[in-house]
Amino acid sequence: MKCPMCGKPTEWKDNPDRPFCSERCRIIDLGNWASEEYQVSVPLTDIEETVENHQE
């Protein structure tokens, strides 16, 4: 598996930072979320509303 930040190969087993290769990459990713560089592309909907719409 590749690290989603830097693309280096990363181990899954016994890796406390998974899916990242290191604490550094994990912290960079967290910082990107905190500074709002990442965004959810569509608004979240209520699961009950989604079910109701599909039953009609």
Margin query: Condition check: surrounded by 11 or more Cβ atoms within 10 Å (Cβ to Cβ) and modelled with pLDDT of 90 or more. Does Lys2 satisfy that?
Written below: yes
Notebook entry, point to check: If you check every pair at least six apart or on different chains, which have Cβ atoms under 9 Å apart with a residue in segment 4-24 that is assigned to a loop (DSSP other than H, G, I, E, B) first and a residue that is among the aromatic types (Phe, Trp, Tyr) second?
Noted result: Pro4/Phe20; Met5/Phe20; Cys6/Phe20; Thr10/Phe20; Arg18/Trp12; Pro19/Trp12
Checklist line | Residues being modelled with pLDDT of 95 or more and part of a loop (DSSP other than H, G, I, E, B) - total across segment 25-56 | finding: 0
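The values are calculated or read from the model by the stated rules, or taken from the named source; none is laboratory data. Note that the structure is predicted; figures quoted are calculated from it, not measured. All Cβ positions, even for glycine, are placed from backbone atoms using ideal geometry, and neighbour counts span all protein chains on display.
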